[in-house]
Structure formats: structure tokens, C-alpha cells
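Participant: Just dropping this structure here.
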Amino acid sequence: MFSSHHILTNQQEAEQFVTQHIVPALQPGDVVCMEGTLGAGKTTLARAMIHALCTDTTPDVTSPTFALLHVYDSPRAPIYHFDLYRLKHVDELWELGLEDALNEGISFIEWPEIAANYLPEARLQLKLTYGTPETEERILHIEATGAIAKRLTSLKDVA
């Protein structure tokens, strides 16, 4: 079973990697937590995955920083894209409809820390950190637990 993987990449390669190796494994009920500092590329990765999931319909995928949530239709399941950066209290999660999203859709959650105690243990965590300060390189840390980890078995073969 897959548990964790790290790759040194640039933003474009990271987008290609997640659309080729992660998106095919996503199913309704999956949660993808996206971590990293401001500007690390969380929204860009989410945008690439949402575009890949929506296939024929290419929505205008924008950052939910101010709206906190954007919902997209896809053939596989509704897609919920949360940005929890501005939340001040955990009660706001329920006002956003987090419970429904976790039950019926595929959820991408940026800045998931405030929701950590309410997210399923079985989830995928993507964390982007900067490689060297002189380059545009990022390190994409991938950690999966539960059913999604079993579906990501192909990652163990990726160098």
C-alpha cells in the first residue's frame, strides 16, 4: 500500500504529475488536503485537478480565497474547492457545507488545519514546499491513508 512520496519538481511538472497519477484514483468521498505557504502553488494544483476531473466542461477555476468555497460539476462527482485560510472559528465549517461535501463529493481543501479534527482519517495530503531559493523548484510531498492510499499504488513505481 502507498503511504508517502516526495518529488522535486517545478509547478508545471507538479500539475502534470497530479493529473496523471492522482486524478484517476479520485472517487466521491475523497478529501485532498493542500498545504504550503502563500504562493506555493496550492490553488494551481487544485485548478489542474479540477480541470482534469471536469473533462469536457472546462470551468473557470478561480481561487476560493474570498468566497471560501467554489463548487463544480464533474462526471464523477460534485467537486468542492475550499480555501479555509480566512476562517476564524471551526463553526464556520458547517456554514460552508463541509459535511455535505465530505459525504457526496470530491473535496479539495486549501489550508485544512482548522478542519483537521473533522476530516476523515482516510485522505490525501499534498504539501508544496520550496526547493532551493534560487530556483522555481518545489518539493511535492504526497501522503495518503485509507482507501485512497490503496488506489494510489502506482505512485510507488514513480521515481
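Participant: Pull up the stretch 100-116, narrow it to residues that are touching a residue at least 12 places away in the same chain (Cβ under 8 Å) and surrounded by fewer than 15 Cβ atoms within 10 Å (Cβ to Cβ), then point me to the one that is nearest to the chain's Cα centre (by Cα).
Facilitator: Ranking the qualifying residues of the stretch 100-116, first place goes to Glu113.
Participant: Hey, another quick one. Out of contact with any Pro (no Cβ under 6 Å at 6 or more places or on another chain) and small (Gly, Ala, Ser) - does that describe any residue in the stretch 76-84? It would help to see each step written out before you state the result.
Facilitator: First, the residues of the stretch 76-84 that are out of contact with any Pro (no Cβ under 6 Å at 6 or more places or on another chain): 76, 78-80, 82, 84.
Add one more test, that the residue is small (Gly, Ala, Ser), and what stays is none.
No, that holds for no residue.
Participant: Identify, from the list Leu119, Leu84, Leu128, Leu68, the residue that is more than 25 Å from Phe17 (Cβ to Cβ) and aliphatic (A, V, I, L, M).
Facilitator: Leu68
Participant: Do we find a residue being hydroxyl-bearing (Ser, Thr, Tyr) and modelled with pLDDT of 85 or more anywhere in the stretch 3-21?
Facilitator: Looking through the stretch 3-21, none of the residues is hydroxyl-bearing (Ser, Thr, Tyr) and modelled with pLDDT of 85 or more.
Participant: Can I ask one more? How many residues, within the stretch 22-57, are farther than 14 Å from Arg76 by Cα and assigned to a loop (DSSP other than H, G, I, E, B)?
Facilitator: 5
Participant: Looking at the stretch 14-58 only, could you name the residues that are surrounded by fewer than 16 Cβ atoms within 10 Å (Cβ to Cβ) and at negative phi? Walk me through it before giving the result.
Facilitator: Going through the stretch 14-58, the residues surrounded by fewer than 16 Cβ atoms within 10 Å (Cβ to Cβ) turn out to be 16, 20, 24, 27-28, 37-39, 55-58.
Hits for the stretch 14-58 are Gln16, Gln20, Pro24, Gln27, Pro28, Thr37, Leu38, Asp56, Thr57, Thr58.
The values are calculated or read from the model by the stated rules, or taken from the named source; none is laboratory data. Worth saying up front: this structure is predicted, and the values here are computed from it rather than measured. Please note: Cβ atoms are built from the backbone with ideal geometry, for glycine as well, and neighbour counts cover all protein chains shown.
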